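Here is the structure we will look at, set down as structure tokens.
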Amino acid sequence: MIWEILISKAENGFILNYSEEHEDGSTQVHEVIEDNDNEKEAMEKLLYRLADYFGMHNDRYAKDNLNITWDKKGDKAE
């Protein structure tokens, strides 16, 4: 089985396009992740959604769940 997802950048966030398989066929899904004037928050939502889509679910008892932060300091360009 191949899992595939198409991600498009929209003016207000991202659009995910993928197929969901059902017993009686498949359905094309169009999912919107909006940024609400915060691109970094939209990117976080997108990455968490991708992890979930590909089966990387959070485990409330695990010590190694995905954690996305924006706290790394940038490097000065010389």
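Rule-based calculations on the coordinates, nothing more; no lab input. Since this is a predicted model, take the numbers as computed values, not measurements. Cβ coordinates were reconstructed from backbone atoms using ideal geometry, including for glycine residues, and neighbour counts include every protein chain displayed.
Observations on the model:
- Recomputing Cα extents along the principal axes in Å from the coordinates shown identifies the correct label among [x] 57, 37, 25; [y] 55, 29, 22; [z] 62, 27, 16 as [x].
- The label point for TYR53 and the one for VAL29, both projected 7 Å from the Cα toward the Cβ, are 0.9 nm apart.
- Relative contact order, whole percent, for the chain stands at 18, derived from Cα pairs under 8 Å and 6 or more residues apart.
- The chain, helix-only ellipticity at 222 nm - DSSP H runs n ≥ 4, -39,500 (n - 2.57), divided by all residues, nearest 500: -6500 deg cm²/dmol
- Sparsely packed loop sites in the stretch 10-57 (the GluC sites (Glu not before Pro) outside DSSP H, G, I, E and B with at most 15 other Cβ atoms within 10 Å) comprise GLU11, GLU23.
- Against the chain, whose longest principal axis is taken from its Cα atoms, helix 39-53 shows a tilt of about 40°.
- Cα-based reach from LYS40 at 12 Å (exclusive), listing aspartates and glutamates while leaving out same-chain residues under 8 positions away: ASP71
- For ILE5, distant residues with modelled amide H under 5 Å away: none
- Inter-label distance, MET43 to ASN12: 2.2 nm, where each label sits 7 Å from its Cα along the C-beta direction.
- Loop-located chymotrypsin sites (Phe, Trp or Tyr not before Pro) in the stretch 1-66 (DSSP state not H, G, I, E or B) with no more than 13 neighbouring Cβ atoms inside 10 Å: TRP3, PHE54, TYR61.
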